[in-house]
1. Which number do you get for Rg(Cα) / (2.2 N^0.38 Å) in segment 186-230?
2. For the peptides 104-113, 356-365, 288-297, what is the packing order when you average, over each peptide's residues, the other Cβ atoms within 10 Å and list the highest mean first?
3. Percent relative contact order of the chain, based on C-alpha pairs within less than 8 angstrom and at least six residues apart?
4. Can you order the peptides 344-352, 216-224, 330-338 by their average number of other Cβ atoms within 10 Å per residue, highest first?
5. Given 4 °C and 1.567 mPa s, how large is the Stokes-Einstein diffusion coefficient of segment 165-244 in µm²/s, with Rh as the Kirkwood radius over Cα pairs?
6. Convex hull over the alpha-carbon atoms of segment 298-374: what's its volume per residue in Å³?
7. Suppose every Lys and Arg Cβ carries +1 and every Asp and Glu Cβ carries -1, with no other charges. What dipole size does the chain come out with about its Cα centre, to the nearest 20 debye?
8. Once every DSSP H run of n ≥ 4 in the chain is given -39500 (n - 2.57) and the sum is divided by its residues, what mean residue ellipticity at 222 nm do you get, rounded to the nearest 500 deg cm²/dmol?
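What follows is calculated from the coordinates using simple rules that are stated; it is not laboratory data. Note that this is a predicted model, so its numbers are computed, not measured. All Cβ positions, glycine included, derive from the backbone under ideal geometry; neighbour counts span all protein chains shown.
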Amino acid sequence: MISAICNIYINSQEKFELFKETFPLTYSISDNWLIYIRGKYSKNVVAFIRYNKNAKQNCMFFNNLYDNDWAKSTRKMLGKAKYEYVYIFLEDHFLLKPISHFKSVIRDMVRSGIEYFSYSFFNIGISINSSEGLYPDYSKHFYSFEFGESNIHHLKITNKDFFPYSLASVCTKNYFKRLLNIENKILIKVPFVLQVIMENILFMYPRNRQFWAAINRVFSPLKLRFVLYTPASPFNLERSLFDIEKEFLPIKVGGLKEELFANWDDDNKLSNSSLVKRGLYPKSLVAHNVRFKPTSTKSITLQKGKSSFHQYCPNVQRTFKIPLKYIHISDGTLEISTKNERYVLRKGKYIWVHANIPHNLTAIKSCTYDQHIADGI
């Protein structure tokens with residue numbers, strides 16, 4: 001029913017560990033995985049994938065494609081897609097529902113004739129509460145509407161953060177192919193310094209996207225295209241309301257009624273939407289293998305039977321490292337607990353915990369403990 005494209009760059013142990021958590025969650029969504037892994041951990045990733053059930057039948061591995069041009073590589077891969085719908089796998093997005101629910105969503109998409117929907121960053125762009133003005137149709141999992149030139153102006157006013165194409169998406173193969181073909185030109189990356197200067201003077205979003213869309217229309221006959229991101233990344237494919245090609249329209253767009261995926265570390269304009277901010281990642285409270293000892297701490301006293309609730313995360317859009325908390329017991333006995341875990345520390349013992357995971361501190365005996373927060377910024 002659906003082909004899955006996995007063209008990703010894994011260049012660190014941390015990214016590899018993340019992949020090992022997210023890939024098995026969605027593997028059974030397709031029997032037509034098209035896979036190209038880049039980065040120094042590529043062999044490790046491929047070996048991990050091959051251990052999955054029926055990987056030999058379900059997965060097609062590509063080698064020696066175009067590491068400096070994501071769109072060109074993916075066009076090559078798309079030629080082996082067996083189905084008319086395409087799911088783009090991103091290793092930093094977690095499936096929050098059972099795979100059976102995801103399959104039901106795909107079936108509903110096909111039945112409803114939906115050509116594109118964003119599977120993650122729930123309620124960003126067009127939320128279910130702001131969809132009624134589009135007079136949508138409703139089905140089991142979706143509200144859906146025809147997106148065309150007639151409602152672009154309206155959406156620019158009411159939902160200016162809506163993207164008619166986001167990478168975290170499922171769409172028709174035809175729509176995806178047309179987006180890839182737009183990138184089939186000589187790609188010229190706009191220097192980062194020029195972007196910063198422009199976007200801080202006259203061309204802040206969305207003017208920056210409008211400006212480069214206009215420039216690209218002028219240079220299109222010359223087969224030149226100016227892009228904001230390196231062609232090695234997939235981000236140039238994404239389209240906002242301000243740079244979507246009108247010849248792609250209309251398309252039928254779906255919005256999910258309930259959350260399906262979430263990013264582990266990125267809020268993407270919606271405060272506290274990442275799994276880290278919600279305290280849902282990592283799964284364990286204890287942080288193992290922390291090697292350093294803090295040089296500064298704060299001493300805190302808790303009387304017997306008293307408890308306090310704790311959860312900490314820096315107020316930043318993207319959390320690059322999990323915030324940590326060091327607790328050392330100077331005197332007494334302290335219980336540290338979550339819904340699923342419980343640890344008891346006595347005098348002289350210490351522990352490192354993931355500070356973003358909601359936890360309670362309870363004094364079993366009146367205690368004094370030293371605490372240090374490592375932000376993770």
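1. On the way: Rg = 10.6 Å, N = 45, 2.2 N^0.38 = 9.3 Å.
That works out to 1.13 for segment 186-230.
2. Details: 104-113: 17.1, 356-365: 19.1, 288-297: 9.2.
Going from most to least packed, we get 356-365, 104-113, 288-297.
3. Working: 714 pairs, mean separation 60.4, N = 377.
Result for the chain is 16 percent.
4. Details: 344-352: 15.0, 216-224: 11.6, 330-338: 17.6.
Put in order of decreasing packing, that is 330-338, 344-352, 216-224.
5. Details: Rh = 13.4 Å.
It comes out at roughly 97 µm²/s.
6. Working: hull volume 6.6 nm³, N = 77.
Taking the convex hull of the Cα positions in segment 298-374, it is 86 Å³ per residue.
7. Numbers: 52 positive and 32 negative charges, 203 e Å.
The dipole of the chain has a size of about 980 debye.
8. Details: 9 runs with 91 residues, N = 377.
It lands at -7000 deg cm²/dmol.
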